[in-house]
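Worksheet: the structure to be examined is printed underneath.
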Ligand code: PRX
């Protein structure tokens, strides 16, 4: 048998004929409440621009909230919210509906109309969910920006999306401290005339700068609104949100997601990957709402499935390293979904910490964001999952919108470190340079060879970039290029191997090397910079930068000053772990920086093949310079 047919026979999903796949997704979409039935499941005639459930109309917020209340579940808890300082709030579906209606009425009172964009930068507080759902209810695409992003990063996202409203808070709690938020967003909106209003949630009670006429307090505007609002149905392809993510160039891409297909796949995967039972499970996804995991698996998927969730505002070690386990015990969390970087941090803190808590409620564990190393997988199962809970490793991306590859929770054979198989309705392949599927035991590039309902619909305002980034690499086959390396094992199961492009993965956050390089060279003392991701036992990768200083700048600039500069330009998550000042950078004859060699230096390895360097002695000079400096 050829390797190709081999895979087909093993992966039921891969072998699934197109008609069956479409019928599968039509059944999944049928779990939602539609105002108008769709006429066609998939229109791929304008590929790579997909249209799912064409002609169908629905309201996403109605599906996440009102229909559960209408079905008699108004008293069910939607969120058990835990604030970092220990304050709590329990929000039932009935209350969620009232809050979302009030927020929607407030946004209407500001003159916002379907299609207008709203930027949101908020901590993990209930208002973040109310704001997202109010936008969805009114057909206002939201752009949520992670709270750790700098004013400059927020500004560029506000401008790119053309947001009319920004929703933020006075401050936020970070590791027991109160940090400003409004002061930063004010800096971001200094030169964004398109932002007509800034709606501010009072969270920390700190003093804030105020622009009369533009700034509005949430409690003054929203709380006085009617808690009734009739939702309007929008086209299945109406934009739901834009979420910016790092690509291989300096400028982040606004990934566009739409309504019907996105909600269908977010809900379906949430239900099937975790085997979720809305009547008995208590679910907790520890991501931040500013990332896609927060969108799909804190807000849209779980709410569409009428889930009872935990929403936690703070960091895992505030006020102590057992905080997550305390929360699991307190609410009887049965499904816990987190990232390998946190699992490795728990490992460092020690297994005696979870052992002090009753974690017997745990039924399923999930992992997302980066490849999970087998050691972390085993520790997770043993110390959080009592040695019996299945660990589902879920592979997906901001662009895919929802989980694409994951073992089934009742899989007979879990493999620590492997995401294993495409989920039902999804098809993925590992291919070589030419786009030909590789044999078992071999590695190559991960591609998605069939469109899927929650796929990105484009890059906001840049169709060409969408085509170039995702569809040009395997244009002949019309495969979506994920940017990840992958391998089939001898059973044909998929193992993810990390990015094959210049995107780093630091604690599950995607950061492009060129984004950090641009930040560094924007410093007056830096002439040139090259950035690589070096392996790190806890964060997966750590950012290591090599910089050439401008003539005469040597004495005036400190490495710490440069690190702070990057944090100011992008955000603390992009701060390089190490910055090495070097006399030169290794380049090919065509002037391309050879990052592979720099990675060797960053990871303290013997430097590899230097034969393609324009000047083979560069590496010796770099080493000599570093030896002098240390
Ligand atoms: O490299 C893959 C890695 O994270 C990238 C997507 O990052 P982002 O869009 O920020 O979304 C993260 C959360 C969905 C992928 O290209 N990645 C994500 N999950 C896994 C993973 N790598 C290996 N195994 C995973 N389970």
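The values are calculated or read from the model by the stated rules, or taken from the named source; none is laboratory data. Since the structure is predicted, the reported quantities are computational estimates derived from the model, not experimental observations. Backbone-built Cβ (ideal geometry, glycine too); neighbour counts: all protein chains shown.
Structural remarks
- Scanning the range 383-393 for residues that are outside any loop (DSSP other than H, G, I, E, B) and either within 13 Å of the ligand (Cβ to nearest atom) or without any contact (Cβ under 8 Å) to a residue 24 or more places away in the chain (or both) turns up 391, 392, 393.
- Filtering the range 186-207 to residues that are over 18 Å from residue 131 (Cβ atoms) and crowded, with 18+ Cβ neighbours inside 10 Å leaves only 186.
- Condition check for residue 97 on (1) in contact with a helix residue (DSSP H, G or I) (Cβ under 8 Å, 6 or more places away or on another chain); (2) closer than 22 Å to residue 142 by Cα; (3) surrounded by fewer than 24 Cβ atoms within 10 Å (Cβ to Cβ): one failure, at (3).
- Residue match in the range 56-71 (condition: more than 21 Å from residue 301 (Cβ to Cβ) and not in a strand (DSSP E or B)): no
- Filter pass, residue 415 being part of a strand (DSSP E or B), more than 30 Å from residue 530 (Cα to Cα) and touching a residue at least 24 places away in the same chain (Cβ under 8 Å): no
- Residue that is farthest from residue 407 (Cα to Cα), among those in the range 252-267 that are within 16 Å of the ligand (Cβ to nearest atom) and outside any strand (DSSP E or B): 252
- Screening the range 479-509 for residues that are part of a loop (DSSP other than H, G, I, E, B) and touching a helix residue (DSSP H, G or I) at 6+ places or on another chain (Cβ under 6 Å) and picking the one that is farthest from the ligand (Cβ to nearest atom) gives 492.
- Qualifying positions in the range 232-251 - assigned to a loop (DSSP other than H, G, I, E, B), in contact with a strand residue (DSSP E or B) (Cβ under 8 Å, 6 or more places away or on another chain) and within 23 Å of residue 104 (Cβ to Cβ): 233, 236, 237, 238
- When the range 526-568 is limited to residues that are surrounded by fewer than 19 Cβ atoms within 10 Å (Cβ to Cβ) and assigned to a loop (DSSP other than H, G, I, E, B), the one that is nearest to the chain's Cα centre (by Cα) turns out to be 538.
- One residue from 281, 277 being free of Cβ contacts under 8 Å to residues at least 12 places away in the same chain and surrounded by fewer than 24 Cβ atoms within 10 Å (Cβ to Cβ): 277
- Options 133, 122; residue that is under 24 Å from the mean Cα position of the chain (by Cα) and assigned to a loop (DSSP other than H, G, I, E, B): 122
- Residue check, residue 515 assigned to a helix (DSSP H, G or I), out of contact with any strand residue (DSSP E or B) (no Cβ under 7 Å at 6 or more places or on another chain) and within 16 Å of the ligand (Cβ to nearest atom): yes
- Positions within the range 233-251 being within 16 Å of the ligand (Cβ to nearest atom) and touching a helix residue (DSSP H, G or I) at 6+ places or on another chain (Cβ under 7 Å), in sequence order: 241, 242, 243, 244, 246, 247, 248, 249
- Flag for residue 303 being at pLDDT 95 or above, assigned to a loop (DSSP other than H, G, I, E, B), more than 14 Å from the ligand (Cβ to nearest atom) and under 21 Å from residue 261 (Cβ atoms): no
- With respect to the conditions (1) away from the ligand (no atom under 16 Å from the Cβ); (2) crowded, with 20+ Cβ neighbours inside 10 Å; (3) closer than 17 Å to residue 537 by Cα, residue 347 falls short on a single one, namely (2).
- Residues that are under 22 Å from residue 421 (Cβ atoms) and touching a residue at least 60 places away in the same chain (Cβ under 8 Å), drawn from the range 485-504: 488, 489, 491, 492, 493, 494, 495, 496, 497, 498
- Conditions (1) in contact with a strand residue (DSSP E or B) (Cβ under 7 Å, 6 or more places away or on another chain); (2) over 17 Å from residue 227 (Cα atoms); (3) not in a loop (DSSP other than H, G, I, E, B); number of the one not met by residue 85: (3)
- The range 422-439, residues that are assigned to a loop (DSSP other than H, G, I, E, B), away from the ligand (no atom under 13 Å from the Cβ) and surrounded by 19 or more Cβ atoms within 10 Å (Cβ to Cβ): 425, 426, 427, 435, 438
- Some residue of the range 358-378 being buried (at least 19 other Cβ atoms within 10 Å of the Cβ), within 14 Å of the ligand (Cβ to nearest atom), touching a residue at least 40 places away in the same chain (Cβ under 8 Å) and farther than 26 Å from residue 542 by Cβ: no
- Qualifying residue in the range 550-572 (condition: in contact with a strand residue (DSSP E or B) (Cβ under 7 Å, 6 or more places away or on another chain) and closer than 23 Å to residue 615 by Cβ): yes
- Of all the criteria given as (1) crowded, with 24+ Cβ neighbours inside 10 Å; (2) under 30 Å from residue 575 (Cβ atoms); (3) more than 22 Å from the chain's Cα centre (by Cα), the one not satisfied by residue 169 is (3).
- Scanning the range 440-478 for residues that are within 15 Å of the ligand (Cβ to nearest atom) and assigned to a loop (DSSP other than H, G, I, E, B) gives 452, 454, 455, 456, 473.
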